[in-house]
Amino acid sequence: DAGVIQSPRHEVTEMGQEVTLRCKPISGHNSLFWYRQTMMRGLELLIYFNNNVPIDDSGMPEDRFSAKMPNASFSTLKIQPSEPRDSAVYFCASSLDRVGTGELFFGEGSRLTVL
Amino acid sequence: TQLLEQSPQFLSIQEGENLTVYCNSSSVFSSLQWYRQEPGEGPVLLVTVVTGGEVKKLKRLTFQFGDARKDSSLHITAAQPGDTGLYLCAGPNSGYSTLTFGKGTMLLVSP
């Protein structure tokens with residue numbers, strides 16, 4: 001089975017532009033997570049969906065960030081307008097159910113550079 | 001928020017050396033997980049420890065969960081260049097719905 005698939009792998013954009021990151025979770029997984037990774041802050045949870053419903057978005061930095069999961073096989077993370085401080089690697093991950101002792105499966109990440 | 005502190009932040013060693021990295025918290029965790037992340041890739045699960053005092057071995061890697069379930073360690077014997085990567089520990093939140101990650105230990109093993 002294919003793993004978590006993210007696109008694009010790399011995105012370079014200018015400040016003020018809209019950025020959309022995409023994720024296809026592993027088929028059959030009920031939970032989907034968006035994380036952001038930087039050297040300074042490590043891996044930070046942005047938002048968590050369960051059965052396509054946003055459960056916890058307390059990690060979303062501000063209103064410029066939004067995430068959707070219209071169906072079980074697709075999610076997007078949108079930044080509008082983008083700022084240089086948004087530069088980071090954004091990971092999507094999925095799990096079969098509650099993470100407890102379960103495993104998180106990560107995609108390869110989308111590296112975003114905002115100039 | 002339950003925080004996980006990892007140390008050291010960075011470790012550079014020669015092939016064949018032994019090393020230990022640590023994951024500490026002031027909070028009790030029901031379980032802890034260790035992930036390894038290679039450059040340009042996402043983290044991949046190595047092991048989950050559940051019981052206080054538990055020791056798990058994965059080839060040359062030995063993982064231990066503290067008796068009080070507040071800390072964990074990873075020991076690598078005879079490190080190899082293939083062990084190079086970012087080692088992350090993670091623990092579930094109280095609702096078991098999300099994972100909080102430490103900032104990781106970056107390990108570089110030179111031939």
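The values are calculated or read from the model by the stated rules, or taken from the named source; none is laboratory data. Given the structure is predicted, the values throughout are model-derived calculations rather than measurements. Cβ: placed from backbone, ideal geometry, glycine included. Neighbour counts: every protein chain shown. We work out accessible area using only protein heavy atoms, side chains counted, and drop any ligands, DNA or RNA first. Shrake-Rupley method; radii C 1.70, N 1.55, O 1.52, S 1.80 Å.
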* Identify all residues within segment B:15-32 that are open to solvent by less than 40 Å² (accessible area, probe 1.4 Å) and either of a type in the set (D, E, K, R) or more than 8 Å from every other protein chain (Cβ to nearest Cβ) (or both); write none if there are none. => B:L19, B:V21, B:C23, B:S25, B:S27, B:F29, B:L32
* Of these, A:F105, A:F65, A:F74, which one is within 10 Å of chain B (Cβ to nearest Cβ) and either surrounded by 21 or more Cβ atoms within 10 Å (Cβ to Cβ) or at pLDDT 95 or above (or both)? -> A:F105
* Residue identified as out of contact with any helix residue (DSSP H, G or I) (no Cβ under 6 Å at 6 or more places or on another chain) and modelled with pLDDT under 95 among B:V21, B:V44, B:V55, B:V28 -> B:V28
* Asked: more than 14 Å from every other protein chain (Cβ to nearest Cβ), surrounded by fewer than 20 Cβ atoms within 10 Å (Cβ to Cβ) and not polar (S, T, N, Q) - does that describe any residue in segment A:33-47?
  -> no
* Hits in segment B:73-111 (condition: among the small types (G, A, S), away from every other protein chain (no Cβ under 14 Å), part of a strand (DSSP E or B) and without any contact (Cβ under 8 Å) to a residue 60 or more places away in the chain) -> B:S73
* **Flag if A:R85 is open to solvent by 70 Å² or more (accessible area, probe 1.4 Å) and not in a loop (DSSP other than H, G, I, E, B)** => yes
* Structure fact -> Within segment A:6-29, residues being open to solvent by 60 Å² or more (accessible area, probe 1.4 Å) and within 11 Å of another protein chain (Cβ to nearest Cβ) number 2
